[in-house]
Amino acid sequence: AQSVAQPEDQVNVAEGNPLTVKCTYSVSGNPYLFWYVQYPNRGLQFLLKYITGDNLVKGSYGFEAEFNKSQTSFHLKKPSALVSDSALYFCAVRFRWGNGQNFVFGPGTRLSVLP
Amino acid sequence: DGGITQSPKYLFRKEGQNVTLSCEQNLNHDAMYWYRQDPGQGLRLIYYSQIVNDFQKGDIAEGYSVSREKKESFPLTVTSAQKNPTAFYLCASSHSGDSYEQYFGPGTRLTVT
């Protein structure tokens, strides 16, 4: 079965420090991996994705993620955190389902950036 | 929130009533999805549709129904059979194909008392 794990419910970092939000996955075949961010009472916003190629993917708002096939991980990173980065972050994997594709999401990690 | 609209933003209903949540997209996406999000939890898939006039049950379809008569629209009905309907409901859409991300609407918060 396809699954996504985010081992940390909560991550706290000081403003200006680097941040990492962890994600591991289990999927048959080639993984297509995504990160989304959710602000309170809003829908999810797409940050970045890994499809193929370079293992380091750059996305919106200065975020990047590193794909590691041997560790089946896709950790989200940012060199210098901002207070405005505080939000709920979801990792997701896309996979074949029936005649099309579908997504499974991790449980989410709440990021708090402290001033 | 891209080109997806959900209405209303807040919805209140009495127990035993059916209620329909609207989702419209102008992104020309073939695929559309409905998710449920409970406080402090991730997203759970209710229904999805890869093409007009076709839809499939997700992980928690019981007590819900959908239709996909137009490419742009994917309404979700929460029926009285749904035991715990109070939640935040998110609609999403995407192009078909492995590499495409989903775009999400702003969500509808449904409260049933």
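What the table shows:
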{"item": "Bins of 5 Å from zero: percent of alpha-carbon pairs in chain A", "result": "2, 12, 23, 25, 19, 11, 5, 2, 1, 0"}
{"item": "Cα-based Kirkwood hydrodynamic radius, chain B, one decimal, Å", "result": "13.9"}
{"item": "Rel. contact order, % - alpha carbon contacts under 8 angstrom, at least six apart, the range A:32-94", "result": "38"}
{"item": "Highest-first arrangement of B:28-34, B:84-90, where packing means the average Cβ count within 10 Å", "result": "B:28-34, B:84-90"}
{"item": "Packing rank of A:52-62, B:49-59, where each peptide gets the mean count of other beta carbons within 10 Å, highest leading", "result": "B:49-59, A:52-62"}
{"item": "Where Cα atoms sit under 27 Å apart: lysine pairs in chain B separated by 8 or more or lying on different chains", "result": "9"}
{"item": "Spherically averaged projected area of the range B:1-56 from its Cα convex hull (nm²)", "result": "5.2"}
{"item": "For B:91-98, mean number of other protein chain Cβ atoms within 10 Å", "result": "4"}
{"item": "Rounded Å value of the spacing that divides the Cα centres of the range B:12-51 and the range A:37-58", "result": "21"}
{"item": "Within chain B, longest stretch clear of exposed GluC sites (Glu not before Pro) (DSSP loop, no more than 11 other Cβ within 10 Å)", "result": "B:16-61"}
{"item": "Span from the the range A:64-84 Cα centroid across to the the range B:72-113 one, whole angstrom", "result": "28"}
{"item": "Local net charge near residue A:30, Cβ-Cβ under 14 Å (Lys/Arg +1, Asp/Glu -1)", "result": "+3"}
{"item": "Share of Cα-Cα pairs in the protein assembly as shown lying beyond 25 Å, as whole percent", "result": "40"}
{"item": "Gain in span if fully extended, residue B:62 to residue B:15, counting 0.36 nm per residue against the direct Cα distance", "result": "15.3 nm"}
{"item": "Interface area, A with B, accessible, probe 1.4 Å, both sides summed, Å² nearest 100", "result": "2100"}
{"item": "Per-residue mean of C-beta atoms belonging to partner chains within 10 Å, peptide B:17-29", "result": "0"}
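The values are calculated or read from the model by the stated rules, or taken from the named source; none is laboratory data. Note that the structure is a prediction, hence the values are computed from the model and not measured. Every residue, glycine among them, receives a Cβ derived from its backbone with ideal geometry; neighbour counts consider all protein chains shown. Only protein heavy atoms, including side chains, enter the accessible area calculation; ligands, DNA and RNA are left aside. Shrake-Rupley method; radii C 1.70, N 1.55, O 1.52, S 1.80 Å.
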